Amino acid sequence: MTINRPGDGGCQCGNIRYRLTAKPQMLYVCHCSDCQKQSGSAFGMSLIMQSRHVEFIEGAESMRSWDTRGEEGDMQRCHFCPNCGTRFMHGSNIPWQSLSIKAGPLDDTRNLQPTAHIWLQSAQSWLAIDRERYLCFESEPEDKAVLAKQQAHESDHG
Ligand SMILES: [Zn+2]
Ligand SMILES: [Zn+2]
């Protein structure tokens with residue numbers, strides 16, 4: 001399975017634009033209640049990247065953020081556009097070296113292939129997930145290194 005560099009993304013109104021310059025270290029679907037709330041939808045999709053691989057093209061100065069505690073008690077800095085409210089990335093691990101990029105605001109999401117589903121205990125009941133195909137976790141994985149390993153394996157030829 002090939003995972004190319006995901007490319008450019010931006011908020012719904014176009015105020016903020018950015019570019020991802022590397023392949024994600026991990027790409028997973030999260031069904032936690034926070035992801036359902038922040039996405040306003042059934043689940044969140046996260047691309048884990050180092051912050052040096054995210055370049056802002058437009059609107060970096062107008063970006064706003066909000067700090068909260070994640071499911072494990074770690075601080076998260078949630079970045080959004082003050083104009084349209086699109087949530088496009090979260091930072092964690094002060095000083096925010098690791099970013100969780102939201103999949104939805106990317107310009108082309110057709111080639112994104114997640115390797116795992118996490119927080120399945122709060123997934124919407126209609127979802128039928130192929131447990132043979134994906135790494136599956138009922139809550140937060142104890143060690144996310146297994147996700148990164150699977151990602152590296154699947155993007156070997158990317
Ligand atoms: Zn916007
Ligand atoms: Zn989540």
Condition set aliphatic (A, V, I, L, M) and over 15 Å from residue 78 (Cα atoms), scope the range 1-48, selection surrounded by the most Cβ atoms within 10 Å (Cβ to Cβ): answer is 27
Odd one out for residue 121, checked against (1) over 23 Å from residue 22 (Cα atoms); (2) in a loop (DSSP other than H, G, I, E, B)
(2)
Tell me whether the range 66-84 contains one or more residues that are away from ligand 2 (no atom under 12 Å from the Cβ), part of a strand (DSSP E or B), over 23 Å from residue 149 (Cβ atoms) and touching a Cys at 6+ places or on another chain (Cβ under 6 Å).
yes
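Considering 90, 117, which residue is within 15 Å of ligand 2 (Cβ to nearest atom) and touching a Lys or Arg at 6+ places or on another chain (Cβ under 7 Å)?
90
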Residues in the range 42-65 that are within 16 Å of ligand 2 (Cβ to nearest atom) and without any contact (Cβ under 8 Å) to a residue 12 or more places away in the chain: how many?
0
From the options 105, 114, residue that is within 13 Å of ligand 1 (Cβ to nearest atom), under 24 Å from residue 134 (Cα atoms) and either in contact (Cβ under 8 Å) with a residue 40 or more places away in the chain or among the acidic types (Asp, Glu) (or both)
105
Please specify each residue of the range 114-128 satisfying the condition of being more than 11 Å from residue 43 (Cβ to Cβ) and surrounded by fewer than 13 Cβ atoms within 10 Å (Cβ to Cβ).
121, 125, 126, 128
Out of (1) among the small types (Gly, Ala, Ser); (2) away from ligand 1 (no atom under 16 Å from the Cβ); (3) surrounded by 14 or more Cβ atoms within 10 Å (Cβ to Cβ); (4) part of a loop (DSSP other than H, G, I, E, B), what's the single condition that is false for residue 100?
(4)
Might you check whether a residue that is in a loop (DSSP other than H, G, I, E, B) and either more than 15 Å from ligand 1 (Cβ to nearest atom) or closer than 23 Å to residue 140 by Cβ (or both) occurs anywhere in the range 42-65?
yes
Could you please find all residues in the range 137-158 being surrounded by 16 or more Cβ atoms within 10 Å (Cβ to Cβ) and either hydroxyl-bearing (Ser, Thr, Tyr) or touching a helix residue (DSSP H, G or I) at 6+ places or on another chain (Cβ under 8 Å) (or both)?
137, 141, 155
Scanning the range 1-41 for residues that are among the hydrophobic types (A, V, I, L, M, F, W, C) and within 16 Å of ligand 1 (Cβ to nearest atom), which turns out farthest from residue 68 (Cα to Cα)?
13
Pick out the one residue from 51, 41, 62, 46 that is over 15 Å from the mean Cα position of the chain (by Cα) and of a type in the set (Ser, Thr, Tyr).
62
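Read the figures in this text as sums done on the coordinates, not as results from a lab. Nothing here was measured: the structure is a model prediction, and the numbers come from that model. For neighbour counting, all protein chains shown are included, and Cβ atoms are generated from backbone atoms with ideal geometry for every residue, glycine included.
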